[in-house]
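Worksheet for the structure shown next.
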Amino acid sequence: MIQLDRLLGFYWVAETGSYSRAARRFPYPITQPGVHQQVRRLADELGVQLFERVGHDTMRLTAAGQRLHDLVAPFLRALPQVEASIRSLSFGGRLRLHSSPLLIRELLPRGLAQLRRARPDIRVELYELDGGAEELLRTHQTDLVVEFLPQVPEDLASMVLTTISTYVIVPGPVRPRRRAFRRKLVEGLPFIAYHEGTLEAQLQLEALQFLGIEPPIGMRAGAAESIAALVAAGLGFSIVGGISSETVAPPGAQAYRIDHTDAQFPASALWRRSSAPDPLLEAALQALSGGARAIR
């Protein structure tokens with residue numbers, strides 16, 4: 001195994017072409033014989049010649065030395081900038097983000113665009129969330145989740161970004177002066193539900209009970225967009241979550257918000273609690289919270 005301190009002497013001789021100039025460029029005080037000793041020990045360790053003398057104080061890399069220099073030079077050249085970014089907590093990198101299709105569609109685009117403008121050095125990997133948000137965070141399979149959780153565990157931190165409202169969507173054109181929802185609007189219509197056993201299906205059932213409606217189930221689908229398309233085709237009515245009526249109801253359908261506190265749900269950013277700051281996470285939270293405020 002190469003001792004890393006010996007690579008420093010080798011690197012500066014390769015960069016400057018001279019032992020004396022290398023000693024002057026060192027990041028810490030060292031004599032010319034000290035630099036020569038580092039290079040000689042490295043060459044002995046590898047069993048090859050790394051430099052050949054071509055002048056009184058001029059050294060040139062051998063083929064073996066060039067191969068080693070090609071490997072270590074990019075790292076050592078970047079090291080001062082990396083050190084500065086770590087000290088100032090201003091470094092970028094990869095951020096893994098999971099969220100539901102609803103929030104990817106209606107909430108995240110503006111915030112992620114803002115993050116890219118502010119921090120192009122942060123590379124966001126976005127994935128659709130299909131349950132298991134807590135497990136993904138605890139097993140370090142993701143860095144940030146944006147979703148509604150009925151209860152936030154103590155080992156996770158959270159920040160509310162926006163509110164998901166509950167809407168009844170019914171077939172028909174949008175009316176300029178739309179009134180509040182009335183049960184008469186859905187009389188005789190079957191209900192288009194989420195798949196059984198999902199949180200969305202349970203929330204739909206609770207909303208129906210609140211409205212005092214017990215319609216027959218006509219069809220089931222797994223995504224809000226699919227349900228809304230079926231409603232717009234006149235195949236029934238449904239209840240879905242959304243941030244605004246404009247995004248919930250497609251052409252051919254109209255949306256009525258249920259104005260009750262039990263029909264409002266916080267959409268939060270969730271992440272692992274830690275005593276160490278994470279600049280990527282902090283930058284993402286700042287951008288997403290700004291994007292959330294912009295759409296309210």
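Find all pairs meeting these conditions: Cβ atoms under 6 angstrom apart; at least six residues apart or on different chains; first residue within the range 252-265 and in a strand (DSSP E or B); second residue surrounded by fewer than 17 Cβ atoms within 10 Å (Cβ to Cβ). As it stands, the answer is Q254/G172; Q254/V174; A255/S245; Q264/T163, since those pairs meet every condition given. Picking from residues in the range 237-251 that are buried (at least 16 other Cβ atoms within 10 Å of the Cβ) and part of a helix (DSSP H, G or I), the one that is modelled with the highest pLDDT is V248.
With respect to the conditions (1) part of a loop (DSSP other than H, G, I, E, B); (2) surrounded by 12 or more Cβ atoms within 10 Å (Cβ to Cβ), H36 lacks only one, and its number is (1).
Out of curiosity, is R53 at pLDDT 95 or above and in a strand (DSSP E or B)? Criteria not met by R53.
Looking at L89, L42, L79, L95, can you tell me which residue is closer than 26 Å to D143 by Cα, modelled with pLDDT of 95 or more, of a type outside the set (D, E) and out of contact with any His (no Cβ under 9 Å at 6 or more places or on another chain)?
Working: L89 fails: modelled with pLDDT of 95 or more; L42 fails: closer than 26 Å to D143 by Cα; L79 fails: modelled with pLDDT of 95 or more.
Just a single option satisfies the conditions, and that option is L95.
For the range 11-25, a residue qualifies if it is buried (at least 16 other Cβ atoms within 10 Å of the Cβ) and free of Cβ contacts under 8 Å to residues at least 40 places away in the same chain, and the qualifying residues are W12, T16, R21, A22, A23. Within the set L71, L103, the sole residue that is surrounded by 11 or more Cβ atoms within 10 Å (Cβ to Cβ) and part of a helix (DSSP H, G or I) turns out to be L103. All told, L136 falls short of being in a loop (DSSP other than H, G, I, E, B) and either acidic (D, E) or surrounded by 14 or more Cβ atoms within 10 Å (Cβ to Cβ) (or both).
Condition check: touching a residue at least 40 places away in the same chain (Cβ under 8 Å), part of a loop (DSSP other than H, G, I, E, B) and at positive phi. Does G234 satisfy that? First the steps, then the outcome.
Numbers: touching a residue at least 40 places away in the same chain (Cβ under 8 Å): yes; part of a loop (DSSP other than H, G, I, E, B): yes; at positive phi: yes.
Answer is yes for this residue.
Applying the criterion of being at pLDDT 90 or above and either acidic (D, E) or farther than 11 Å from Y167 by Cα (or both) to the residues of the range 252-263, the residue that is surrounded by the most Cβ atoms within 10 Å (Cβ to Cβ) is A253.
The values are calculated or read from the model by the stated rules, or taken from the named source; none is laboratory data. These numbers were taken from a predicted model, which means no experiment stands behind them. Cβ coordinates were reconstructed from backbone atoms using ideal geometry, including for glycine residues, and neighbour counts include every protein chain displayed.
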